[in-house]
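J.: Got a structure here, written out as structure tokens. Questions coming.
What follows is calculated from the coordinates using simple rules that are stated; it is not laboratory data. For clarity, every value in this text was computed on a predicted model and none was experimentally measured. Quick reminder, even Gly has a Cβ in these numbers, built from the backbone with ideal geometry, and neighbours come from all protein chains shown.
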Amino acid sequence: MIIFFQHHAINPSTSLRAAWAFLFIFLAPLFIAERTFAHEVWIEPHSAHLSKGENLLADLRIGDMFKGDHLIYIPQQTEKLLVLMESGSFDLQPKIGGRPVVLVPSEKLDGISGDLVVVYESANSYIQYGTEEKFFRFAEKKGLAAVRKEHERRRLPEGGFVERYKRFAKASVAFATDAEAGTQKINDRSVGMELEFVLLAKSNLSNGLTAFDVQLFYQDKGLPDALVTLFSRDPDGIVTTSQFKTNEQGMIKVTARAGHRYLLDHVTVRETDPSRDRNKPVWESLWASLTFSGAES
């Protein structure tokens, strides 16, 4: 592969960022020998509540306990990046290596009614586990203890095996013009990702609380009895967690406090046929996340 670069007058920090982006493009598809298990990927809006005339800015982040590092935009590692609105959607095309990954100028949001939803779907990535215990600990943390028995039943190796994984992230951003302030219009919907959260409705309660109705979809159907982790971050940055099981329709209800930000996370692990992928993965994990916020404090 030959890549041509066009020369521009750029500052050192821009040059360095571009160089790192170039390396990431080629290194991203390679195996990660080991990783700290249970790292979520989520979309972090700079502002949880937008008004007319404000830009939509959001970072793509990876970490644990609702704290983590920034990811840069790599087209080879991105299958979907778009914004949902009432009248449809529009694709985002950030600069390679750019941060924030999401930057929508205010004029593109003129005339939009209701909340905005940012959607990200990654390409496949792979990890090779040196020992099975690392994989089992990750699975057990996500409520998937049965994976250990299945690994043994399939007579898979104790180490050196490969997992394929993919991320599906969404963020709901409250957006209203002055005339629409206080409305509760939701523009989220299924976009056909294999695993995804959909924010169905929100309603104001007393004492500044907001109720959110969320449904988890797997292959376009509500996923029942699925473990969902909720991370809540207060205005001081303190994070607490709780867990839910979805009902028969794959739904949960979350009560959000004013000024708090929230991250929903679910992981599905399933068997794979290693003969159908040149990297020979024996397991695949699908990660879904949704970020949203309580009312303005």
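J.: List every residue whose amide H lies under 5 Å from the amide H of Glu79, counting only residues 5 or more places away in sequence or on a different chain, with H placed 1.01 Å from N in the peptide plane.
T.: Under 5 Å from the amide H of Glu79: Glu121, Ser122, Ala123.
J.: Using the Cβ atoms and a cut-off under 13 Å, what net charge is assigned to the surroundings of Ala201, where Lys and Arg are +1 and Asp and Glu are -1?
T.: +1
J.: Residue-wise, which Karplus ³J(HN,Hα) couplings in Hz belong to the range 186-191, taking 6.51 cos²θ - 1.76 cosθ + 1.60, θ = phi - 60°, and x for glycine or proline?
T.: 10, 10, 6, 6, 5, 10
J.: Got the relative contact order for the range 12-293 handy, in percent, Cα pairs under 8 Å and 6 or more residues apart?
T.: Value for the range 12-293: 19 percent.
J.: Next question. How large is the Kirkwood hydrodynamic radius of the range 12-293, counting all unique pairs of alpha carbons, in Å?
T.: 19.9
J.: Three principal axis extents, largest first, for the C-alpha atoms of the range 142-297, in Å?
T.: Result for the range 142-297: principal-axis Cα extents of 60, 31, 27 Å.
J.: According to a simple spin-label model (label point 7 Å from Cα along Cα-to-Cβ), what is the distance in nm between Leu209 and Ser87?
T.: Result for the modelled spin labels: 3.8 nm.
J.: Another question, then. Name the aspartates and glutamates eligible as straight-distance cross-link partners of Lys245: C-alpha to C-alpha under 14 Å, and not fewer than 8 places from it in the same chain.
T.: Reachable aspartates and glutamates: Asp213, Asp225, Asp265.
J.: Provide the net charge surrounding Asn124, with neighbours chosen by a C-beta distance below 14 Å and charges set as Lys +1, Arg +1, Asp -1, Glu -1.
T.: +2
J.: Roughly speaking, what is the stretch gain from Ser242 to Asp69, that is 0.36 nm per residue apart minus the C-alpha to C-alpha distance, in nm to one decimal?
T.: 60.0 nm
J.: Please compute the length gained on full extension between Lys185 and Asn124, using 0.36 nm multiplied by the number of residues separating them and subtracting their Cα-Cα distance.
T.: Using 0.36 nm per residue and subtracting the Cα-Cα distance, I get 18.6 nm.
J.: Cα to Cα, under 17 Å, and not fewer than 8 places away if on the same chain: which lysines meet these conditions relative to Lys202?
T.: The qualifying lysines are Lys170, Lys185, Lys253.
J.: Another one. Taking the Cβ of Phe212 as the centre, find all other residues whose Cβ is under 10 Å away and add up their charges (Lys, Arg: +1; Asp, Glu: -1).
T.: Charge balance in the 10 Å sphere: +1.
J.: Right, another one. Can you give me the long-range amide H partners of Glu54? Hydrogens built in the peptide plane at 1.01 Å from N, cutoff under 5 Å, separation of 5 or more residues or another chain.
T.: Here nothing satisfies the definition.
J.: Still on this model: If the reach is capped at under 14 angstrom between alpha carbons, list the aspartates and glutamates near Lys134, excluding any in the same chain fewer than eight residues apart.
T.: List returned: Glu34, Glu158, Glu163.
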